[in-house]
Amino acid sequence: MRTRILCILVLILISRCARAADVPDSKLKIGDSSITIQFSAQVSDNLRALVEGWIRDSADAVNTVYGSYPVKQVTIAVRVTSGGRVSHGVTFRGRLIRIQVGSDVTREVLRADWVMTHEMFHLGFPDTDADWIGEGLSTYMEPLARARAGQLSAEAVWASMIDGLPKGLPQSGDRGLDRTPTWGRTYWGGALFWLLADIEIRRNSANRKSLDDALRAIVAEGGTGAADWPEAKIFSRGDAAISMPVLQNLHERLGAHSETTDLAALLKQLGISQDGRKVTFHDDAPLAAIRRALTGAKGAN
């Protein structure tokens, strides 16, 4: 998740002081960008290599959306804990990611992790008063980006969507995304917004344009996690990049109103069905080409 903070330099200083003075940083170059990894304690060469590979994989996934890493510099403060899990990821103002990693973590656990990629998407998107916009975007884009980078199967992507998206539908008393700050509406309601927007952009452009184009334009104008943008600016700048008012129109419908989505019908149009845990794709469905393009599958057009 992401939080607003005014004293980012103080936080970075605190993260440095909280670790032993003789713990060396790791430095990664991602294209023209630089990632500094700070460990809270001495770690084995094996763990350091695992964490570096995990962070590089997450950066590679994000790059499939933005074309290049969305910020020039970022510090990732890794608090080393006991156990073998990843937890408590937080992004601060597009400059710092703090996260906990167990000292016994394995490559398999890190390969399956979604947290780092989720947090990195916050680096490339402006802060705004409506949390569902940024949290929903990270929730939506993370599995798609990992699939495009060859880190996650398309079946796994849609299994997670089938499980998660119903949690984002409006419930009794809902007042729209802008005025219903529940966990489900913030993360999965926001994710559903971006999925609907991406599908509409691709459908209107015969798959020649996508949400990626809008996100790249926002970053190009300085809309990273270090910037504060109002909702209207985010949607208007994104729409200008795709030359159609998809984001603004969708926000008018879903921002202040409890409009629901027939997920079963949407999945059928995309050519997705599930039997137990097995996800099956149907390439004769009306939106099958869009479904394939979303995860970067071959034969998307």
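Nothing in this text is a laboratory measurement; each read-out follows from the coordinates by a stated rule. Computed from a predicted structure; not experimentally measured. Positions of Cβ are generated from backbone atoms using ideal geometry, with glycine treated the same way; all protein chains shown enter the neighbour counts.
Where the centroid of each part is defined by its Cα atoms, how far is region 254-301 from region 26-59 in Å? So the separation of the two Cα centres works out to 35 Å. When 48, 202, 146 are sorted by how many other C-beta atoms sit within 10 angstrom of their C-beta, beginning with the fewest, the order is 48, 202, 146. Here the simple spin-label model places points 7 Å from the Cα toward Cβ, and for residue 22 and residue 262 these points are separated by 6.8 nm.
Panel note: the C-alpha atoms of region 131-294, placed on their principal axes, show extents of 42, 38, 27 Å (largest first). Compared with the alpha-carbon gap, the fully stretched path from residue 44 to residue 172 is longer by 40.9 nm at 0.36 nm per residue. When the C-alpha to C-alpha distance is required to be over 28 Å, the pairs from 209/233; 233/268; 29/278 that qualify are 233/268; 29/278. In a reduced charge model with +1 at each Lys and Arg Cβ and -1 at each Asp and Glu Cβ, the chain shows a dipole moment near 400 debye about its Cα centre.
Counting Lys and Arg as +1 and Asp and Glu as -1, what is the net charge of the other residues whose Cβ lies under 15 Å from the Cβ of residue 274? The answer is +1. Extension gain, residue 179-residue 88: 0.36 nm per intervening residue step, less the Cα-Cα distance, totals 30.2 nm.
Available extension along the chain between residue 281 and residue 228 is 15.1 nm, counting 0.36 nm per residue and deducting the alpha carbon span.
With r as the distance between the Cβ atoms of residue 220 and residue 252 and R0 = 30 Å, compute the FRET efficiency 1/(1 + (r/R0)^6) and round to 0.05.
For R0 = 30 Å, the calculated efficiency reads 0.75.
Whole-Hz Karplus values for region 98-113 come out as 10, 7, 9, 9, x, 5, 9, 4, 10, 4, 4, 5, 5, 5, 8, 6 Hz, taken residue by residue from phi with 6.51 cos²θ - 1.76 cosθ + 1.60 and θ = phi - 60°; glycine and proline positions read x. Most simply put, the chain has about 45% antiparallel DSSP beta bridges, counting only bridges with both residues inside it. Efficiency by 1/(1 + (r/R0)^6): what FRET value for residue 52 and residue 208, r their Cβ-Cβ distance, R0 = 35 Å, to the nearest 0.05? So the FRET efficiency works out to roughly 0.45.
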